[in-house]
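Read the structure below first, then the notes.
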Amino acid sequence: MRPLASRIHVLTGEGALSVFAHANELERQGKSIIHLELGEPDFHPDKPVLDAAKAALDAGKDRYCNVAGVPALREEIAAYLLRTRSITVDPNNIVMAPGCKIALFLAMMALLEPGDEVLYPEPGFPGYPSITRGFGGICVPYLLTEKNHMQPDPDEIAAKITPRTKLIITCSPNNPTGSVTSDAVQSRISELAVQHDLYVISDEIYGRIVYSGEYFSMLRYPGMAERTLIVDGFSKSFAMTGWRLGYTIAPPQIVPAMTMLSINSYTCVAEFSQYAGIQALRDSGGAVPRMVAEFARRGARFAEGLNRVPAFRCLAPEGAFYAWVNVADTGLSAEEVCRIMLEDAGVAAIPGAAFGPSARDFVRFSFASSMEMLDEAITRIMKVSPAWQSVVATR
Ligand SMILES: Cc1ncc(COP(=O)(O)O)c(C=O)c1O
């Protein structure tokens, strides 16, 4: 047989999915597992959202539909973004996609030529470097460090910009660090993008899950409207992971490219999902603020619990639903800590290297799980922590 396309060999998978598979295997063998590995809210959409999907199906909205998305949904998204993010978006510049990930994939496909350099946050969503390599781009990570409170360092970004840089990817709140990029830092990144004529893909999928203060979209800064592609979706903020609803907001000159890529790939997004999306955005029952308040409560308590575990160090989560824990002081690798937690304590979490090599001393826990489960996870981790306390003692 002839070989597969070489791009396949440069793509990488996601640590969360492989830990999930291992945890499921242990569960099948009868072990009790607390799943803190996946980035999936443990909530489901409210009844009006489900009713809207059912009504859409009853009305026969199960056909091919508008490539860019149902116009009523795109208008609702524009109204939602004005209300929640203070940005004015033309509904004609929104292209729906079956999930934020495919929006990101196609946005990068629209922008990248082989040899183009892409700056992206590390630790960060594993798709950024994988997709970059898949399109022949060059990966140029900028680091989020504890020393810098997980904020990007605009000086580092400036130093890494070359004539071949085409794109900066930003993500706030960030997966896996749970950090929210400050207005000042985002403003400086936007100035760099304008100064060097770069595109920015702003991954705002966690934009609604912020625990204090105002959220600043990349579209708020001067000169950004013509160079920013926002990717967002319903998976996290509306607990709709399986509905596969996402979108790109692109500058008008890029919208035809995004539409062309939709035509050549998924054709359109499931129409009944889109009608449910309209109801989710209207959120008549206040489900989203309730969910975010609950995540805030859990995040604060879980981080406090993790900080009680010997040799664990966790910053307070500012957004998303991840606790990012430095485990270097255990004297074990993060992989070994995760193995002990999974196999001996039944707590599934992801070694930081899944989010970039510089994150090898960290572990990501998702706290999108009930408070009881999170408390139980801390109790179980405490019980197995002598495994690393003895290592610490011998050093
Ligand atoms: C930062 C980030 N971007 C994009 C996605 C993809 O989301 P979706 O379910 O909409 O494809 C995720 C999902 O984990 C994510 O964490």
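The values are calculated or read from the model by the stated rules, or taken from the named source; none is laboratory data. If you're wondering where the values come from, they're calculated on a predicted model, not measured in any experiment. Here the Cβ positions follow ideal geometry from the backbone for every residue, glycine too, while neighbour counts run over all protein chains shown. The accessibility values were calculated without ligands, DNA or RNA, using every heavy atom of the protein model including side chains. Shrake-Rupley method; radii C 1.70, N 1.55, O 1.52, S 1.80 Å.
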**Request:** Restricting attention to region 156-184, report how many residues are open to solvent by 20 Å² or more (accessible area, probe 1.4 Å) and either in contact with a helix residue (DSSP H, G or I) (Cβ under 7 Å, 6 or more places away or on another chain) or within 24 Å of Leu112 (Cα to Cα) (or both).
**Result:** 9
**Complete:** Pairing a residue in region 239-261 that is of a type in the set (Gly, Ala, Ser) with any residue that is near the ligand (Cβ under 9 Å from one of its atoms) and in a helix (DSSP H, G or I), where Cβ atoms lie under 9 Å and the two sit 6 or more apart in sequence or on different chains, gives Gly246/Cys100; Gly246/Lys101; Gly246/Ile102; Gly246/Ala103; Gly246/Leu104
**Request:** State which residue pairs qualify: first residue within 16 Å of Cys100 (Cα to Cα) and open to solvent by 20 Å² or more (accessible area, probe 1.4 Å) and inside region 192-220, second residue in a loop (DSSP other than H, G, I, E, B) and within 16 Å of the ligand (Cβ to nearest atom) in any location, beta carbons under 6 Å apart, and separation of 6 or more residues or different chains.
**Result:** Arg208/Ser237
**Asked** Which ones in region 224-264 are within 16 Å of the ligand (Cβ to nearest atom), farther than 19 Å from Val210 by Cβ, open to solvent by less than 10 Å² (accessible area, probe 1.4 Å) and out of contact with any Pro (no Cβ under 8 Å at 6 or more places or on another chain)?
**Response** Tyr247, Thr248, Met258, Ser262
**Prompt:** Restricting attention to region 38-55, which residues are farther than 22 Å from Gly286 by Cα and more than 16 Å from the ligand (Cβ to nearest atom)?
**Reply:** none
**Prompt:** Inside region 119-174, can you point out the residues that are within 15 Å of the ligand (Cβ to nearest atom) and of a type in the set (Phe, Trp, Tyr)?
**Reply:** Tyr120, Phe125, Tyr128
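Would you call Arg164 without any contact (Cβ under 8 Å) to a residue 40 or more places away in the chain, more than 25 Å from Ser366 (Cα to Cα) and in contact with an Asp or Glu (Cβ under 8 Å, 6 or more places away or on another chain)? I'd like the intermediate steps shown before the answer.
Numbers: without any contact (Cβ under 8 Å) to a residue 40 or more places away in the chain: no; more than 25 Å from Ser366 (Cα to Cα): yes; in contact with an Asp or Glu (Cβ under 8 Å, 6 or more places away or on another chain): yes.
The answer is no for Arg164.
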**Request:** Hey, can you tell me all the residues within region 9-21 that are without any contact (Cβ under 8 Å) to a residue 40 or more places away in the chain and surrounded by fewer than 13 Cβ atoms within 10 Å (Cβ to Cβ)?
**Result:** His9, Ala21
**Asked** If you scan region 299-313, which residues turn out to be open to solvent by 10 Å² or more (accessible area, probe 1.4 Å) and in contact with a strand residue (DSSP E or B) (Cβ under 7 Å, 6 or more places away or on another chain)?
**Response** Asn307, Phe312, Arg313
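Would you check which residues across region 88-104 are within 23 Å of Glu40 (Cα to Cα) and more than 9 Å from the ligand (Cβ to nearest atom) and list them? So that I can check it myself, show each step before the final result.
To start, the set of residues in region 88-104 that are within 23 Å of Glu40 (Cα to Cα) comprises 96-104.
Of everything in region 88-104, just one residue is within 23 Å of Glu40 (Cα to Cα) and more than 9 Å from the ligand (Cβ to nearest atom), namely Met96.
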**Complete:** Arg83 passes all but one of the listed conditions (1) touching a residue at least 40 places away in the same chain (Cβ under 8 Å); (2) assigned to a helix (DSSP H, G or I); the exception is number (1)
**Asked** Before we move on, is Ser366 at pLDDT 95 or above, surrounded by fewer than 23 Cβ atoms within 10 Å (Cβ to Cβ) and outside the structural domain of Val140 (by TED's automatic domain parsing)?
**Response** no
**Prompt:** What do you reckon, is Ile189 in contact with a helix residue (DSSP H, G or I) (Cβ under 7 Å, 6 or more places away or on another chain), without any contact (Cβ under 8 Å) to a residue 40 or more places away in the chain and open to solvent by less than 20 Å² (accessible area, probe 1.4 Å)?
**Reply:** yes
